[in-house]
Amino acid sequence: MLRITYHYFILFILFLLPTLCFGQAVYEGQVIDKETERAIPSVTVTLVKAKFVTKTNERGYFKLSADNPVDGDALQFSSEL
């Protein structure tokens, strides 16, 4: 009987793990000038509803992670150039 409950416990864990892994969204990319096709550094990238903020590096790349993504959220880009 112990062996059967052990197998059910393992199955329960295997079905539970994928549900715990979901719920994170990663947004990454590069901001470039449309006309010159050059990377734009120090652009502020904001995930509006989740209120996460980052800046692009010297090559224009950014990476933003949200633990609890909000449906219909949008990225907003701003620069002081």
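Per-structure values
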{"item": "Selection within the range 33-43 - within 27 Å of ASP67 (Cα to Cα) and loosely packed, with under 15 Cβ neighbours inside 10 Å", "result": "SER42"}
{"item": "Yes/no for LEU2 being within 21 Å of PHE77 (Cα to Cα) and either modelled with pLDDT under 90 or within 15 Å of the chain's Cα centre (by Cα) (or both)", "result": "no"}
{"item": "Candidate set from the range 5-48 (those that are among the polar types (S, T, N, Q) and at pLDDT 85 or above); member that is farthest from ALA74 (Cα to Cα)", "result": "THR36"}
{"item": "Residue match in the range 53-70 (condition: surrounded by 10 or more Cβ atoms within 10 Å (Cβ to Cβ), at pLDDT below 90 and not aliphatic (A, V, I, L, M))", "result": "yes"}
{"item": "Check on SER78, surrounded by 12 or more Cβ atoms within 10 Å (Cβ to Cβ) and polar (S, T, N, Q)", "result": "no"}
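The values are calculated or read from the model by the stated rules, or taken from the named source; none is laboratory data. On a predicted model such as this, the values are computed, not experimentally measured, just so you know. When we count neighbours, we look across all protein chains shown, and the Cβ atoms used for this are built from the backbone with ideal geometry, even at glycine.
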